[in-house]
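Rule-based calculations on the coordinates, nothing more; no lab input. These figures come from a predicted structure and were not determined experimentally. Cβ placement follows ideal geometry from the backbone for every residue including glycine, while neighbour counts extend to all protein chains displayed.
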Amino acid sequence: MIINKLYEKLPLVEEWIKSLLKNSSGQRIPLRSFTFQRLPNYYSSATVDSAKVVLVDKIPVPPLSDFGLQELRDFETGDYAGITYLDTYFIKRQFEEDESLHFHELVHVVQWQMLGLQKFLLLYGVGIIQDGYRESLLEKMAYNYQHRFQDSLETFDVENAVKKELDRINSVWNVS
Ligand SMILES: [Zn+2]
């Protein structure tokens, strides 16, 4: 089962993430310093305060195939505008002012917070393998809310919405 294989490789991915965050600690910019106007209306101040941003030329993705996860090779070699690890997201420099992208990555910050490292990685990995990047569970959720943010000025409580979705997934996850 793929889930067992992912579970077995978790420590490698975890170690890689922790070392990435440690090595980039000098470049981490608090989200607050970007002074976006809309974002704070969708997220709690605790979440906005906790989020850090690193501007990069190339998005860092773990060497998953080196870890033996060939199933994630397409994901590993993909080209992304941003990626989130725990409370820190990496975005390409040219998207620095793209509030909608920041919004998307913040959905992931909330997912990481609510799921914790192991469960986030398992759900993310299984989603990518089963449904592909764009349709994977956690990405689809982030894209849906991002589109809602883009299409309307009407605010909504992202954290509450994410929590409801994750609770529903959790109940399925725990019985299967
Ligand atoms: Zn995403």
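Taking GluC sites (Glu not before Pro) in DSSP loop conformation with at most 10 other Cβ atoms inside 10 Å as exposed sites, the chain has its longest uninterrupted site-free stretch at 1-96. Counting other Cβ atoms within 10 Å as a rough exposure proxy, the listed residues 114, 141, 1 run 1, 114, 141 from fewest neighbours to most.
Summarising the amide proton neighbourhood of residue 85: residues at separation of 5 or more, or on other chains, whose placed amide H is nearer than 5 Å comprise 90. For 16, 112, the sequence from fewest to most other C-beta atoms within 10 Å is 16, 112.
From the alpha carbon gyration tensor of segment 31-124, can you work out the equivalent ellipsoid semi-axes (sqrt of 5 times each eigenvalue) and give them in Å, largest to smallest? Mind showing how you got there, number by number?
Numbers: eigenvalues 125, 54, 17 Å².
Its equivalent ellipsoid spans semi-axes of 25, 16, 9 Å.
Structure shown: which of 9/163; 22/92; 5/52; 22/164; 140/163 lie over 25 Å apart, alpha-carbon to alpha-carbon?
On the way: 9/163 27 Å; 22/92 19 Å; 5/52 31 Å; 22/164 32 Å; 140/163 15 Å.
Where the Cα-Cα span goes over 25 Å, the pairs concerned are 9/163; 5/52; 22/164.
In terms of surrounding Cβ atoms within a 10 Å radius of their Cβ, 157, 87 rank from fewest to most as 157, 87.
Looking only at segment 2-170, where both bridge partners belong to it, what percent of the DSSP beta bridges are antiparallel (to the nearest 5)?
Working: 6 of 11 bridges.
In segment 2-170, approximately 55 percent of DSSP beta bridges are antiparallel ones.
For segment 2-170, the normalised intensity computed at q = 0.09 Å⁻¹ comes to -0.29 (log10 of I(q)/I(0), Debye sum over alpha carbons, equal scatterers, no solvent). The ellipsoid that matches the Cα gyration tensor of segment 120-176 has semi-axes, each √(5λ) in whole angstrom, of 23, 15, 7, with the longest given first. Our summary gives segment 1-125 a relative contact order of 26 percent, counting only alpha carbon pairs under 8 angstrom and 6 or more residues apart.
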